[in-house]
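The next block holds one structure in the form of structure tokens; read it before the comments.
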Amino acid sequence: MTPQPERGLVVQGLTVVLGGRAVLRDISLQVAPGEVVALEGPSGAGKTTLLRAIAGLLPAEGAVVAAGRPALVFQHHALAGRLTARENALVGALGRMGFWRAALRLWPRSELAATDAALGSVGLSGLEDRRADRLSGGQRQRVAIARALVQRAPVLLADEPVASLDPGTAEGVLTLLRDLARGQRLPVLVSLHQPDLAMRFADRLLRLEDGCLRPS
């Protein structure tokens, strides 16, 4: 029986079959609390599939062991443009609040305070009431990260979070992820297609090719 990590992530023998084809085969990895691990590999190698499977968004064989369900930050933010930064981040609390209370905006003060604190921790203090479609690309990605923090997930996954950002903004987002990992003892698994950024910001590199992990 696999021991439960304090707040880390353990993946054992993860296999994903889609359309009769094994997209991922026998993937095993670990990410310790406070560690940033970068997942690299060519397009189509299965990086997004792996992150979605770990997050529980795809059916998979094998085991994902963590203190709770991981949160996934998507490449293209997945924000509602007409909602404010605060309202988008509050989506992370839906699991605790339920759809109808959220739809009626019956948010407890504690959830509002926690959400504003999360937005502040990602550098968005003062922008809580700005619509998402009026934020820059880097700011939108920070809202997506704040939403994951509001979710109170024990593991943070990020799928190519800087692919569409300019170099300066990309470095800012990756610095934020690294600081959150250190400050909150979060295990962070992030897929990147820029090897130089992966080497600079991650503690370790893992390479995925043809659905299998290879020595990096």
Worksheet item: In this structure, is VAL143 buried (at least 24 other Cβ atoms within 10 Å of the Cβ), of a type in the set (Val, Ile, Thr) and over 15 Å from ARG178 (Cα atoms)?
Response: yes
Worksheet, complete the sentence: Inside region 157-170, the number of residues satisfying the requirement of being over 14 Å from ALA38 (Cβ atoms) and either surrounded by fewer than 18 Cβ atoms within 10 Å (Cβ to Cβ) or not assigned by TED's automatic domain parsing to the domain that holds VAL31 (or both) is 5
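Just to be sure, is ASP196 charged (D, E, K, R) and either at positive phi or at pLDDT 90 or above (or both)?
no
The values are calculated or read from the model by the stated rules, or taken from the named source; none is laboratory data. From a predicted model like this one, the values you see are computed outputs, not experimental measurements. Note that we place each Cβ from the backbone using ideal geometry, even for glycine, and neighbour counts take in every protein chain shown.
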